[in-house]
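A quick write-up on the structure given underneath.
The values are calculated or read from the model by the stated rules, or taken from the named source; none is laboratory data. Because the structure is a prediction, the values reported are computed rather than measured. When we count neighbours, we look across all protein chains shown, and the Cβ atoms used for this are built from the backbone with ideal geometry, even at glycine. The area values use the complete protein model at the heavy-atom level, side chains included, leaving out ligands, DNA and RNA. Shrake-Rupley method; radii C 1.70, N 1.55, O 1.52, S 1.80 Å.
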Amino acid sequence: MHADIHLHLHQLHATELHREAAAHRATHLTGPTLRTQLGWKLVELGLRLATPAHRQVTLAA
C-alpha cells in the first residue's frame, strides 16, 4: 500500500472517531449520571454514619 493511501485512510478513520466521540459527549455528558448521583449519596451516607449523633452533617454541592 502506498504511503499516501495509508495516510488518507488514517485521516478518514480519525475523522470518523472524532465524530463518534462528539456524538457520545453530546448524548452522555449533559448532566450528572446516575452513577455520579449514587456515588455522592453513598459519600453522604458514609459521612452520616461516621459523624457522632449530636453533630449535624452539611454538604455543600
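Quick check for you: with a 1.4 Å probe and neighbouring chains kept, what is the accessible area per residue of the chain, in Å²? Before the final figure, lay out each step's value.
On the way: 5970 Å² over 61 residues.
I get 98 Å² per residue for this part.
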Query raised in the report: Hey, rough spin-label estimate for residue 11 and residue 24, points 7 angstrom out along Cα→Cβ, what's it come to in nanometres?
Result: 2.4 nm
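Measure off, as a whole percent, the carbon and sulfur share of the 1.4 Å-probe accessible area of the chain, all protein chains present. List each step's numbers first, then the result.
On the way: 3780 of 5970 Å².
In the chain, the share of accessible area belonging to carbon and sulfur is 63 percent.
Helix-only estimate, please: 222 nm mean residue ellipticity of the chain, summing -39500 (n - 2.57) across DSSP H runs of length 4 or more and dividing by its residues, to the nearest 500. Don't jump to the answer; show the numbers that get you there.
Working: 2 runs with 43 residues, N = 61.
Only helices count here, giving -24500 deg cm²/dmol.
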